[in-house]
Amino acid sequence: NAGVTQTPKFQVLKTGQSMTLQCAQDMNHEYMSWYRQDPGMGLRLIHYSVGAGITDQGEVPNGYNVSRSTTEDFPLRLLSAAPSQTSVYFCASSPQGGTQYFGPGTRLTVL
Amino acid sequence: AQSVTQLDSHVSVSEGTPVLLRCNYSSSYSPSLFWYVQHPNKGLQLLLKYTSAATLVKGINGFEAEFKKSETSFHLTKPSAHMSDAAEYFCVVSGNTGTASKLTFGTGTRLQVTL
């Protein structure tokens, strides 16, 4: 069981570039979510999904898109990266109403 | 709406002395509460969770937390700190929106353990 995996671990982008952060889980969890972690602010919810084909916005969704075509995968897309998106990004998954398990994170720097 | 306040951004203790990390919560319904730990440059690990069963919750590595509804608190304690406990600790409340469980994180408490 790999749990929740995220790729890449590190990424540097230039302002305006686009990229996709990958997240996958092998636990057949319905619920998946993306958070960003910034110093002194804890983790903030970006987008979440309660199952394949269903996504919704969290606390800080602007500048990010998501889709959920399969139960296993939940990619996060940055359409036009900005320096304000420099952060550490965590993906999490859980069974319905259960404990969330977090991936190892992706450290993103936007220059 | 739900929120979490971690009352200390930084706590320093000596090895072998007790640890107390304070957390107050606000929720419009019966919450689920969690403590997660994050070691430097690592992901988040669940320490313990409260889900309306026993109010005193025991977690991993000797940590425990007590849910006090009257005080809206969920403080994390450990009788004797170890150097390996140095990390950032997050108090988290879970709110159910339909079938989804959305987590709201506190801003974190950095625990420093000195010799």
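Every number in this text was worked out from the coordinates using simple rules, so none of it is lab data. Keep in mind the model is a prediction, meaning the values are calculated, not measured. In this analysis, Cβ positions are derived from the backbone assuming ideal geometry, glycine residues included, and neighbour counts consider all displayed protein chains.
Counting other Cβ atoms within 10 Å as a rough exposure proxy, the listed residues A:M19, B:M83, A:M32 run B:M83, A:M19, A:M32 from fewest neighbours to most. Taken over the protein assembly as shown, lysine pairs spaced eight or more positions apart, or on distinct chains, with alpha carbons under 27 Å apart number 19. Pick from A:Y31, A:Y101, A:Y48: which is most flexible by mean-square fluctuation in a GNM of chain A where alpha carbon atoms under 10 Å apart are linked? Maximum among the listed residues: A:Y101.
Please find the FRET efficiency linking A:Q17 to A:D38, where r is the Cβ-Cβ separation and R0 is fixed at 25 Å, and quote it to the nearest 0.05.
Working: r = 20 Å, r/R0 = 0.81.
With a Förster radius of 25 Å, E is 0.80.
Only the Cβ atoms of Lys and Arg (+1) and of Asp and Glu (-1) were treated as charged; on that basis the dipole of the protein assembly as shown about its Cα centre amounts to roughly 240 debye. Placing pseudo-labels 7 Å out from each Cα toward the beta carbon at B:S14 and B:N61 gives an inter-label distance of 2.2 nm.
Which of B:P31, B:P79, B:P40 moves most in a GNM of chain B, Cα contacts under 10 Å? Comparing B:P31, B:P79, B:P40 in the GNM, the peak value goes to B:P40. Counting, for every residue in A:87-98, the Cβ atoms of other protein chains within 10 Å of its Cβ and taking the mean gives 3. Relative contact order of the range B:32-115: 27 percent, from C-alpha pairs under 8 Å at least 6 residues apart in sequence. Look at A:H47, B:H82, B:H75 and count the other Cβ atoms within 10 Å of each Cβ; fewest to most, that gives B:H82, B:H75, A:H47. Our summary gives chain A a relative contact order of 36 percent, counting only alpha carbon pairs under 8 angstrom and 6 or more residues apart.
Let me confirm one metric for peptide A:56-65, namely the mean number of other chain beta-carbon atoms within 10 Å of its residues' beta-carbons.
Values: counts 4, 0, 2, 2, 0, 0, 0, 0, 0, 0.
Counting other chains' Cβ atoms within 10 Å and averaging over A:56-65 gives 1.
Calculated FRET efficiency, A:I54 to B:Q112, Cβ-Cβ distance, R0 = 41 Å: about 0.45 to the nearest 0.05. Which of rounded, prolate, oblate describes the range A:27-77, given a ≥ b ≥ c as roots of the alpha-carbon gyration tensor eigenvalues and a/c under 1.5 marking rounded, otherwise prolate only if a/b is larger than b/c? Here the range A:27-77 falls in the prolate category. For chain B, what does the alpha-carbon gyration tensor say about shape, rounded, prolate or oblate, given a ≥ b ≥ c as the root eigenvalues, a/c under 1.5 as rounded, and a/b over b/c as prolate? In terms of gyration-tensor shape, prolate. What FRET efficiency, computed as 1/(1 + (r/R0)^6) with R0 = 25 Å and r the Cβ-Cβ distance, is obtained for B:H39 and A:T86, rounded to the nearest 0.05? The pair B:H39/A:T86 has a calculated efficiency of 0.70.
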